[in-house]
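Comments concern the structure below.
Where a number appears in this text, it was derived from the coordinates with a stated rule and is not lab data. Here the structure is a predicted model, which is why all the values come from computation and not from measurement. Cβ atoms come from the backbone with ideal geometry, glycine included; neighbour counts cover every protein chain shown.
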């Protein structure tokens with residue numbers, strides 16, 4: 001029996017509502033949403049490039065872009081369960097051949 005989750009993470013709270021998860025999955029599969037994310041990322045990168053003054057600014061902007069990419073990854077996968085796959089038992093496997 002699984003122990004009750006006393007302090008659920010934000011993702012666990014999100015996954016607890018099937019209607020919300022379904023709506024999120026539908027939204028993530030929408031080509032317009034994907035285009036909007038891609039264009040938003042490109043526009044953000046353009047804005048960062050316009051303010052690049054030296055190597056320190058370039059390094060800082062690199063970390064900013066990495067953070068945005070990590071956020072997009074979390075956002076896209078928010079409706080997906082992160083349960084480890086279960087290993088099935090293989091019975092009757094003949095190694096003599």
Can you give the FRET efficiency for residue 81 and residue 6, using 1/(1 + (r/R0)^6), R0 = 30 Å, r = Cβ-Cβ distance, to the nearest 0.05? 0.95
In degrees between 0 and 90, to the nearest 10, how far off the longest principal axis of the chain does helix 18-28 point, with axes built from Cα atoms? 50 degrees
Using only Cα atoms, tell me the angle between helix 55-76 and the longest principal axis of the chain; keep it within 0 to 90° and round to the nearest 10. 40 degrees
Enter the angle in degrees (range 0 to 90, nearest 10) between the Cα long axis of helix 31-50 and the first principal axis of the Cα atoms of the chain, meaning the one along which they spread out most. 40 degrees
Over the Cα atoms, compute the radius of gyration (one decimal) and Dmax (the largest Cα-Cα distance, rounded to a whole number) for the chain, in Å. 21.1, 68
